[in-house]
Amino acid sequence: MEIKDFTLGEEPFNFDISWPFPSEDRKILIDAVCDIKIYSPAEVPQLEEMLSKKLNKFGYIWDGKNRERCMLWRPDFRMSVDFYNEEKKIAIEVEKTEVKRIIHDFLKLINGSLTFVPKIKYGVIIYPQNYLRTSGKKSIFASRVFSEINFYFKHLIVQSSLKDVLFVVYNFDLH
(Lines give C-alpha, C1' and ligand atoms only; values in the text may rest on other atoms or scores of the structure.)
Protein backbone atom coordinates (compact mmCIF):
# COMPACT_ATOMS: atom_id res chain seq x y z
CA MET A 1 0.00 0.00 0.00
CA GLU A 2 1.38 3.40 -1.00
CA ILE A 3 0.70 6.54 1.06
CA LYS A 4 0.66 10.24 0.16
CA ASP A 5 -0.04 12.98 2.67
CA PHE A 6 -0.60 16.74 2.57
CA THR A 7 -2.40 19.43 4.53
CA LEU A 8 -4.61 22.33 3.53
CA GLY A 9 -1.55 24.60 3.58
CA GLU A 10 0.38 22.44 1.10
CA GLU A 11 0.04 21.40 -2.53
CA PRO A 12 -2.50 20.87 -4.02
CA PHE A 13 -4.60 23.19 -1.79
CA ASN A 14 -2.22 25.99 -0.71
CA PHE A 15 -4.78 27.50 1.68
CA ASP A 16 -3.51 30.28 3.94
CA ILE A 17 -3.08 28.33 7.20
CA SER A 18 -1.80 30.09 10.34
CA TRP A 19 -1.59 27.00 12.58
CA PRO A 20 -0.27 24.03 10.57
CA PHE A 21 -1.04 20.46 11.55
CA PRO A 22 1.35 19.45 14.38
CA SER A 23 4.37 17.66 12.90
CA GLU A 24 4.68 15.14 15.75
CA ASP A 25 1.08 14.02 15.36
CA ARG A 26 1.43 13.96 11.59
CA LYS A 27 4.35 11.54 11.89
CA ILE A 28 2.42 9.31 14.32
CA LEU A 29 -0.57 9.12 11.97
CA ILE A 30 1.45 8.59 8.79
CA ASP A 31 3.55 5.88 10.44
CA ALA A 32 0.38 4.15 11.67
CA VAL A 33 -1.19 4.10 8.20
CA CYS A 34 2.09 3.01 6.58
CA ASP A 35 2.38 0.07 9.01
CA ILE A 36 -0.97 -1.32 7.89
CA LYS A 37 -0.85 -3.91 5.15
CA ILE A 38 -3.90 -3.89 2.90
CA TYR A 39 -3.59 -5.48 -0.51
CA SER A 40 -7.14 -5.47 -1.87
CA PRO A 41 -10.45 -3.61 -1.62
CA ALA A 42 -11.91 -6.59 0.27
CA GLU A 43 -9.56 -5.79 3.17
CA VAL A 44 -10.47 -2.07 3.38
CA PRO A 45 -13.34 -2.58 5.88
CA GLN A 46 -10.72 -3.77 8.39
CA LEU A 47 -8.73 -0.53 8.05
CA GLU A 48 -10.32 1.19 11.07
CA GLU A 49 -9.78 -1.76 13.39
CA MET A 50 -6.14 -2.03 12.30
CA LEU A 51 -5.67 1.71 12.83
CA SER A 52 -7.22 1.46 16.27
CA LYS A 53 -4.53 -0.98 17.34
CA LYS A 54 -1.82 1.43 16.15
CA LEU A 55 -3.32 4.69 17.46
CA ASN A 56 -4.75 3.69 20.84
CA LYS A 57 -1.41 4.08 22.62
CA PHE A 58 -1.23 7.70 21.37
CA GLY A 59 -4.54 8.70 22.95
CA TYR A 60 -6.83 8.14 19.95
CA ILE A 61 -10.20 6.65 20.79
CA TRP A 62 -11.94 4.51 18.16
CA ASP A 63 -15.64 4.94 17.49
CA GLY A 64 -15.91 1.16 17.09
CA LYS A 65 -15.22 0.67 20.80
CA ASN A 66 -16.02 4.07 22.39
CA ARG A 67 -18.89 5.59 20.42
CA GLU A 68 -19.97 7.93 23.22
CA ARG A 69 -16.53 9.52 23.50
CA CYS A 70 -16.29 9.99 19.72
CA MET A 71 -19.66 11.75 19.55
CA LEU A 72 -19.09 15.46 19.22
CA TRP A 73 -22.61 16.92 19.30
CA ARG A 74 -24.68 15.31 22.02
CA PRO A 75 -27.56 14.99 22.61
CA ASP A 76 -29.15 16.58 19.54
CA PHE A 77 -27.04 14.97 16.84
CA ARG A 78 -25.84 11.42 17.17
CA MET A 79 -22.95 11.78 14.74
CA SER A 80 -19.45 10.77 15.62
CA VAL A 81 -15.98 10.76 14.12
CA ASP A 82 -14.07 7.53 13.51
CA PHE A 83 -11.20 8.43 15.87
CA TYR A 84 -10.80 11.21 18.38
CA ASN A 85 -7.97 12.45 20.58
CA GLU A 86 -9.69 14.35 23.39
CA GLU A 87 -6.55 15.99 24.73
CA LYS A 88 -5.25 17.28 21.39
CA LYS A 89 -8.71 17.78 19.85
CA ILE A 90 -7.77 15.88 16.70
CA ALA A 91 -10.57 14.10 14.85
CA ILE A 92 -10.04 11.47 12.18
CA GLU A 93 -12.46 10.36 9.49
CA VAL A 94 -11.65 7.23 7.48
CA GLU A 95 -13.46 7.12 4.15
CA LYS A 96 -13.44 3.72 2.58
CA THR A 97 -15.95 3.84 -0.22
CA GLU A 98 -17.74 6.90 -1.48
CA VAL A 99 -16.46 10.24 -2.76
CA LYS A 100 -19.64 12.04 -1.73
CA ARG A 101 -18.92 11.24 1.91
CA ILE A 102 -15.74 13.35 1.89
CA ILE A 103 -17.95 16.45 1.90
CA HIS A 104 -19.81 15.06 4.94
CA ASP A 105 -16.51 14.16 6.64
CA PHE A 106 -15.16 17.67 6.11
CA LEU A 107 -18.41 19.22 7.36
CA LYS A 108 -18.17 17.12 10.54
CA LEU A 109 -14.69 18.53 11.16
CA ILE A 110 -15.82 22.11 10.60
CA ASN A 111 -18.94 21.64 12.74
CA GLY A 112 -16.84 20.12 15.52
CA SER A 113 -14.69 23.24 15.48
CA LEU A 114 -17.73 25.51 15.69
CA THR A 115 -19.31 24.06 18.83
CA PHE A 116 -19.64 26.32 21.89
CA VAL A 117 -16.46 24.81 23.28
CA PRO A 118 -14.61 23.69 20.11
CA LYS A 119 -14.10 19.94 20.15
CA ILE A 120 -11.89 19.85 17.06
CA LYS A 121 -8.78 21.90 16.36
CA TYR A 122 -7.29 19.64 13.72
CA GLY A 123 -8.81 17.11 11.37
CA VAL A 124 -7.58 14.12 9.44
CA ILE A 125 -9.25 12.53 6.44
CA ILE A 126 -7.93 9.17 5.27
CA TYR A 127 -9.20 8.03 1.88
CA PRO A 128 -8.28 5.86 -1.14
CA GLN A 129 -6.60 7.17 -4.29
CA ASN A 130 -9.02 5.00 -6.29
CA TYR A 131 -12.00 2.92 -5.31
CA LEU A 132 -14.06 0.17 -6.83
CA ARG A 133 -17.70 0.93 -7.39
CA THR A 134 -20.25 -1.77 -6.72
CA SER A 135 -20.49 -2.12 -10.52
CA GLY A 136 -16.81 -3.14 -10.53
CA LYS A 137 -15.70 0.07 -12.27
CA LYS A 138 -12.54 1.74 -10.91
CA SER A 139 -12.96 5.45 -10.11
CA ILE A 140 -10.48 8.18 -9.30
CA PHE A 141 -11.13 9.46 -5.80
CA ALA A 142 -8.29 11.89 -5.05
CA SER A 143 -8.91 14.45 -7.80
CA ARG A 144 -12.57 14.75 -6.80
CA VAL A 145 -11.57 15.33 -3.19
CA PHE A 146 -9.31 18.20 -4.20
CA SER A 147 -11.89 19.89 -6.43
CA GLU A 148 -14.75 19.56 -3.95
CA ILE A 149 -12.81 20.70 -0.87
CA ASN A 150 -11.35 23.59 -2.83
CA PHE A 151 -14.73 24.63 -4.25
CA TYR A 152 -16.93 24.22 -1.17
CA PHE A 153 -14.63 24.99 1.74
CA LYS A 154 -11.84 27.40 0.78
CA HIS A 155 -13.66 30.42 2.23
CA LEU A 156 -15.49 28.57 5.01
CA ILE A 157 -12.32 27.16 6.58
CA VAL A 158 -10.99 30.63 7.48
CA GLN A 159 -14.23 31.41 9.33
CA SER A 160 -14.14 28.27 11.45
CA SER A 161 -11.94 27.35 14.40
CA LEU A 162 -10.53 24.39 12.47
CA LYS A 163 -6.82 25.10 12.21
CA ASP A 164 -5.73 22.58 9.57
CA VAL A 165 -6.61 19.23 8.03
CA LEU A 166 -4.21 16.42 7.19
CA PHE A 167 -5.16 14.30 4.17
CA VAL A 168 -3.77 10.77 3.96
CA VAL A 169 -4.29 9.06 0.60
CA TYR A 170 -3.70 5.33 0.35
CA ASN A 171 -3.32 3.37 -2.84
CA PHE A 172 -3.04 -0.27 -3.80
CA ASP A 173 -3.36 -2.06 -7.10
CA LEU A 174 -7.02 -2.68 -7.86
CA HIS A 175 -6.12 -4.85 -10.89
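The values are calculated or read from the model by the stated rules, or taken from the named source; none is laboratory data. On a predicted model such as this, the values are computed, not experimentally measured, just so you know. Glycine gets a Cβ as well: all are built from the backbone with ideal geometry, and neighbour counts include every protein chain shown. Side chains included, ligands, DNA and RNA excluded: accessible areas come from the protein's heavy atoms. Shrake-Rupley method; radii C 1.70, N 1.55, O 1.52, S 1.80 Å.
At-a-glance table
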| item | result |
| --- | --- |
| Strands (runs of 3 or more DSSP E) completely within the range 127-175 that count 2 or more residues being open to solvent by less than 70 Å² (accessible area, probe 1.4 Å), more than 23 Å from Glu43 (Cα to Cα) and at pLDDT 70 or above | 164-171 |
| Any pair with Cβ under 6 angstrom, 6 or more apart, that starts in the range 109-123 at a residue that is open to solvent by 70 Å² or more (accessible area, probe 1.4 Å) and ends at one that is assigned to a loop (DSSP other than H, G, I, E, B) and at pLDDT 85 or above | Lys121/Lys89; Lys121/Lys163 |
| Selection count, the range 40-56, where residues are among the aliphatic types (A, V, I, L, M) and under 12 Å from Lys96 (Cα atoms) | 3 |
| The listed residue being over 17 Å from Phe167 (Cβ atoms), of a type in the set (Asp, Glu) and either buried (at least 19 other Cβ atoms within 10 Å of the Cβ) or in contact with a helix residue (DSSP H, G or I) (Cβ under 8 Å, 6 or more places away or on another chain) (or both), out of Asp35, Asp82, Asp5 | Asp35 |
| Those residues of the range 38-74 which are open to solvent by 40 Å² or more (accessible area, probe 1.4 Å), touching a residue at least 12 places away in the same chain (Cβ under 8 Å) and not in a helix (DSSP H, G or I), in sequence order | Tyr39, Gly64, Lys65 |
